[in-house]
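Below you'll find the structure, written out as structure tokens, and then a few comments.
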Amino acid sequence: MTVPLAVTTPGAPGGLAAQLLIIFLAAALTDNILLTRFLGMCSFLAISRQMKTSLGLGVAVAFVTTVTAAINYLVHRYITAPLGVEFLDLIVFIVVIAAFVQILEMAVERFSPALYFALGIFLPLITVNCAILGVSLFMLNKQGYGLWQALVYGAGNGVGWLLAILLMAGIRQKLKEDKIPAGLRGAPITLIISGIIALGFIGFSGMVKF
Amino acid sequence: MPKRFADTAGGKAFLLNLWQDNPVFRQVLGICSTLAVTNLATNTLFMCLGLTFATALTSWTCSALRHHTPRQTRMMVQVLIAAAYVIVVDIALRAYVPDVHRLIGPYVGLIITNCIIMGRAEAFAIKNPPVPAFLDGAGAGLGYSGVLLAIACVREPLGFGTLFGLPLPAREAWFHPVTIMVMPPGAFFMLALVSWLGISLTARRPAGPPKGAAK
């Protein structure tokens with residue numbers, strides 16, 4: 001019998017810090033948003049050709065996921081749920097994400113032009129990155145999450161996405177030299193490699209029990 | 001004498017999206033849900049119906065409003081139009097097929113950010129009249145559906161020995177669960193194979209004079 005490291009239900013022994021660490025590891029590794037939930041695949045396939053752009057997009061996704069998960073948690077908890085209009089969550093979440101990305105873009109442009117040029121084209125793209133909306137939607141399915149848990153869950157998923165795209169970018173840089181059948185070039189070979197990486201990540205399951 | 005369907009603007013776009021410019025393996029759009037919902041054919045079918053409905057009507061609406069949408073905010077308008085239709089799909093699935101909704105619920109919500117919808121709205125609907133835009137969206141939705149159902153019809157029999165939830169004939173005799181097929185890596189491998197097939201079959205002949213022609 002395997003002994004779970006900890007349980008993520010509220011009131012479990014281990015204190016808040018341990019619980020948050022478990023949520024983080026589970027979200028980043030065993031439940032990786034890209035490799036087991038397949039979210040953010042379109043930009044993953046398109047961008048992972050280069051290491052530098054992958055890092056830029058990955059960091060932007062990780063940051064936006066973390067913050068919007070927390071904001072959307074508050075919106076759901078204090079606005080849509082008490083009013084009984086949960087079916088509007090979808091529309092509200094996407095507006096929150098779009099608005100946050102817009103504000104972030106303006107803030108980055110104002111305070112750090114260097115970062116703005118580095119991230120430039122990726123920020124607007126993020127609004128329609130399904131990983132961001134996905135994290136907020138999956139968060140609603142988790143029982144007993146508070147604000148801290150939501151924030152850490154967002155961060156874990158964001159870091160997991162960053163990790164996956166960096167792994168892929170590294171592999172694809174080596175792949176450029178190889179001879180690949182014409183029909184497999186581009187997306188299909190990337191999908192096969194993703195499958196193999198996903199197999200590796202499945203090895204983490206059992207490490208954290210939900 | 002009416003024009004042939006394939007000669008009208010909408011008909012042409014419809015057929016192109018169905019096969020030659022297929023959104024999944026040609027344009028590499030809408031990959032997330034392609035991978036996520038294809039381990040059970042029933043879930044796949046409802047996802048496809050939802051996506052086709054939302055894409056066709058979003059294209060139609062975006063096109064109908066195209067003269068009234070300011071250029072700067074058109075992305076936001078498109079997302080909100082898509083969100084409205086997706087909520088309709090979400091509520092309908094929740095009411096009529098709650099079991100399916102429990103499994104694919106979040107992915108239905110994610111139709112909003114499905115790149116096929118945005119792609120068709122941006123590439124076609126903003127510069128064409130409503131009826132061709134509707135057909136263009138419907139073609140993209142059906143092209144997506146074809147690929148998804150093809151993948152699901154391999155994954156479900158290999159993983160569970162069933163199709164649309166019904167056991168296949170003589171299941172006991174041959175069935176041995178290929179667990180990998182219903183797990184995430186199986187989705188990646190199957191989509192890669194189907195894309196490979198699709199890309200090879202639709203590969204365009206190089207334009208211009210055939211090989212060996214005098215330069």
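Looking only at residues of region B:80-104 that are within 11 Å of another protein chain (Cβ to nearest Cβ) and open to solvent by less than 10 Å² (accessible area, probe 1.4 Å), we find that the one that is farthest from A:ALA98 (Cα to Cα) is B:VAL86. Restricting attention to region A:75-120, the residues that are under 19 Å from the mean Cα position of the chain (by Cα) and away from chain B (no Cβ under 14 Å) total 2.
Pairs are defined by a Cβ separation below 6 Å, a sequence spacing of at least 6 or placement on different chains, a first member in region A:93-106 that is modelled with pLDDT of 85 or more, and a second member that is open to solvent by 40 Å² or more (accessible area, probe 1.4 Å); the pairs so defined are A:VAL96/A:ILE71.
Residues in region B:167-203 that are open to solvent by 70 Å² or more (accessible area, probe 1.4 Å) and not in a helix (DSSP H, G or I) were compared, and the one that is farthest from B:GLY143 (Cα to Cα) is B:HIS176.
Would region B:45-59 turn up any residue that is of a type in the set (Gly, Ala, Ser) and within 30 Å of B:THR179 (Cβ to Cβ)?
If we filter region B:45-59 for residues that are of a type in the set (Gly, Ala, Ser), which is where we start, we get B:50, B:54, B:56, B:59.
Going one step further and asking which of them are within 30 Å of B:THR179 (Cβ to Cβ), we end up with B:50.
Checked region B:45-59: at least one residue is of a type in the set (Gly, Ala, Ser) and within 30 Å of B:THR179 (Cβ to Cβ).
Could you list, in sequence order, all residues of region B:165-192 that are farther than 22 Å from A:ARG37 by Cα and in contact (Cβ under 8 Å) with a residue 24 or more places away in the chain? Within region B:165-192, just B:GLY165 meets the criteria. Regarding region B:131-150, can at least one residue be identified that is surrounded by fewer than 20 Cβ atoms within 10 Å (Cβ to Cβ), free of Cβ contacts under 8 Å to residues at least 40 places away in the same chain and over 26 Å from B:LEU201 (Cβ atoms)? No, region B:131-150 has no match at all. The set of residues in region B:151-162 being open to solvent by less than 50 Å² (accessible area, probe 1.4 Å) and in contact (Cβ under 8 Å) with a residue 40 or more places away in the chain consists of B:ILE151, B:ALA152, B:ARG155, B:GLU156, B:GLY159.
Which residue out of A:GLU86, A:GLU109 is surrounded by fewer than 16 Cβ atoms within 10 Å (Cβ to Cβ) and either in contact with a strand residue (DSSP E or B) (Cβ under 6 Å, 6 or more places away or on another chain) or closer than 23 Å to B:ILE104 by Cα (or both)? Lay out the reasoning, then the answer.
Numbers: A:GLU109 fails: either in contact with a strand residue (DSSP E or B) (Cβ under 6 Å, 6 or more places away or on another chain) or closer than 23 Å to B:ILE104 by Cα (or both).
Result of the check over A:GLU86, A:GLU109: A:GLU86.
Yes or no: region B:15-32 includes at least one residue that is away from every other protein chain (no Cβ under 14 Å), open to solvent by less than 50 Å² (accessible area, probe 1.4 Å), within 28 Å of A:THR190 (Cα to Cα) and not in a loop (DSSP other than H, G, I, E, B). Yes, region B:15-32 has at least one match. Evaluate the following for A:VAL67: is it touching a residue at least 12 places away in the same chain (Cβ under 8 Å), away from chain B (no Cβ under 14 Å) and assigned to a helix (DSSP H, G or I)? Here the answer is yes, as A:VAL67 does meet what is asked.
Residues are listed down the side, and each one gets a yes or a no for (1) under 14 Å from the mean Cα position of the chain (by Cα); (2) at pLDDT 90 or above:
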{"site": "B:MET1", "(1), (2)": "no, no"}
{"site": "B:GLY10", "(1), (2)": "no, no"}
{"site": "B:PRO23", "(1), (2)": "yes, no"}
{"site": "B:VAL28", "(1), (2)": "yes, no"}
{"site": "B:THR42", "(1), (2)": "no, yes"}
{"site": "B:MET47", "(1), (2)": "yes, yes"}
{"site": "B:TRP60", "(1), (2)": "no, yes"}
{"site": "B:ARG71", "(1), (2)": "no, no"}
{"site": "B:VAL77", "(1), (2)": "no, no"}
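Here B:ILE116, B:ILE111 are screened, and the one residue that is in contact with a Ser or Thr (Cβ under 8 Å, 6 or more places away or on another chain), more than 8 Å from chain A (Cβ to nearest Cβ) and over 17 Å from A:PHE93 (Cα atoms) is B:ILE116.
The single residue among B:CYS48, B:CYS115 that is crowded, with 20+ Cβ neighbours inside 10 Å, touching a helix residue (DSSP H, G or I) at 6+ places or on another chain (Cβ under 9 Å) and closer than 27 Å to B:LEU168 by Cβ turns out to be B:CYS48.
The values are calculated or read from the model by the stated rules, or taken from the named source; none is laboratory data. What you see is a predicted model, and the numbers here were worked out from it, not measured in a lab. In this analysis, Cβ positions are derived from the backbone assuming ideal geometry, glycine residues included, and neighbour counts consider all displayed protein chains. Remember, those area values only see protein heavy atoms, side chains included, never the ligands or the DNA or RNA. Shrake-Rupley method; radii C 1.70, N 1.55, O 1.52, S 1.80 Å.
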